[in-house]
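The values are calculated or read from the model by the stated rules, or taken from the named source; none is laboratory data. Since the structure is predicted, the reported quantities are computational estimates derived from the model, not experimental observations. Note that we place each Cβ from the backbone using ideal geometry, even for glycine, and neighbour counts take in every protein chain shown.
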Amino acid sequence: MFLHLDGNGPRYRQVYAALREAILRGDVRAGARLPSTRELSESLGLSRITVQLAFEQLIAEGYVEARVGSGTYVLGSAALDLTRPAPGESARALAAPHLSALAKRLTAATPLLSARGHGRARPRYDFRYGLPALRDVPQARWRRLLGRQARRADVTAYDYGPAAGAAALREAIAGYLRRARGVACDAAHVVIVNGSQQGVDLCARLLLDPGDAALLEEPGYEGARSALRAAGARVVPLPVDDDGCDLARLPAAGRRARLAYVTPAHQFPTGAVLSLPRRLALLDWARRTGAVIIEDDYDGEFHDGGRPLAPLQGLDRDGRVIYLGTFSKVMFPALRLGYLVLPPSLARLFAHAKALADGGTSGLEQQALAQFIAGGSFERHVRRARAHNRERREALRAAIARHLGARVRVAGSNAGLHLLLTLPRVSPEHGERIIRRAAQRDVGVYSALPYFQRAPRQAALVLGYTALTPAEIEAGIEILASCW
């Protein structure tokens, strides 16, 4: 009898798994006698005790029975027959379940752009947006804090934590946001989430019914668009210009929208800052229509050129704004910690929904981050990271001016972690060819097309720079210029 052992786990488990699979596939039919343990051990080159252990497991699970003086036989049962495909019917067809309406919307929604966890080797000069500046993270300090939390933890630290997040972290975040960002909040209105994407998904599922209209900046973050579409929303483009999103140009289909997702401090991907008159107009629209605004401050720590405008949340007097932040950009993505600052009327609901989704966020990391913030290390790290990113951004602007010059138009270069490079005389199709040529020369540049609902007439690139040194930025842009 030929058996394929997959090499995973103890040998007896491999023999057991191979025999069970042969029985379930129908290769060994009900009533058939299995080879003896001696015969099978000799053919597989294994000890007899190994095969005996595999047989005992099969007997215990009801696949076979041992008959004294006769051998070991495959049992037949209606339940076992249900696991086998009918003649002419493939296992693949049998395995395809009925999909819910939500699953079909998820399938149809545009997938997230990023290569997060893709496993492929990255280009040598990778300008992908969202790559972490891991060399800026104070790793030694973080390891000490995390180790200290693990050493000091009592038995309660290993239990489920509050769904809304550890109290110490919520207090630390609320204090930081009041002090550094001008957000009006206290810890009771902060809910910790596993990154900003979970925050957007919670908002979409709790605030929208299928068919509701939701506004998304055009161009705008496709991760938000995917979450809104998965919730069944009709995503209405909200036009963006140099002063940010413009309600005056809102299509009629969006005037009674239930929700708006915006990035006012540094519009993604154009980099525009939402002007104060438009901030006030957006808040007035939400008050009049009863809509909710998601304010995503995804890179607010990296604003240069003076103090930024007050966030929408700080101007809100009607409880219409949900403020969304993340530690993935300023710390590191593997931390998987973000937060929502919610109006008082929504905080308890979101905590319940968070509990239903995942039961809570890792406790030791939350406690370590709370200490990192409360002890002042976080703000010192932000100042250093901001200076390093300013250096990288200036290197990128200089390299673009030197090697690409008037062939491109640069936007969003005064803040944040990326800039938008528009190619005025290049079609989107030609832009894709430039991207492919650059990839062949180990330079990763990425199209802005996925951020548009309505395809633009000219090519554009989103260039992140946080994971590169100034020298690497110079070399990568020089190669990119040669791909024109």
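Helices (runs of 4 or more DSSP H) fully within the stretch 1-75 that include at least 1 residues being under 40 Å from the mean Cα position of the chain (by Cα): 11-25. The number of residues in the stretch 393-416 that are surrounded by 20 or more Cβ atoms within 10 Å (Cβ to Cβ) and part of a helix (DSSP H, G or I) comes to 4.
Selection within the stretch 22-41: residues that are modelled with pLDDT of 90 or more and not small (Gly, Ala, Ser). The member of this set that is surrounded by the fewest Cβ atoms within 10 Å (Cβ to Cβ) is Arg38. Residues in the stretch 169-196 that are outside any helix (DSSP H, G or I) and over 17 Å from Phe372 (Cβ atoms): Gly182, Val183, Ala184, Cys185, Asp186, Val191, Val193, Asn194, Gly195. Flag set for Leu207, criterion: at pLDDT 95 or above, aliphatic (A, V, I, L, M) and out of contact with any helix residue (DSSP H, G or I) (no Cβ under 7 Å at 6 or more places or on another chain). The set of residues in the stretch 439-459 that are among the hydrophobic types (A, V, I, L, M, F, W, C) and touching a residue at least 60 places away in the same chain (Cβ under 8 Å) comprises Ala439, Val443, Val445, Ala448, Phe452.
No other residue among Arg278, Arg288, Arg234, Arg249 is assigned by TED's automatic domain parsing to the domain that holds Asp318, among the charged types (D, E, K, R) and in contact (Cβ under 8 Å) with a residue 24 or more places away in the chain apart from Arg278. The set of residues from the stretch 300-324 being within 18 Å of Leu369 (Cβ to Cβ) and modelled with pLDDT under 95 comprises Gly300, Glu301. Being at pLDDT 95 or above, on the phi < 0 side of the Ramachandran plot, among the β-branched types (Val, Ile, Thr) and not assigned by TED's automatic domain parsing to the domain that holds Leu208, is that true of even one residue in the stretch 383-402? Yes: the stretch 383-402 contains one or more residues that are at pLDDT 95 or above, on the phi < 0 side of the Ramachandran plot, among the β-branched types (Val, Ile, Thr) and not assigned by TED's automatic domain parsing to the domain that holds Leu208.
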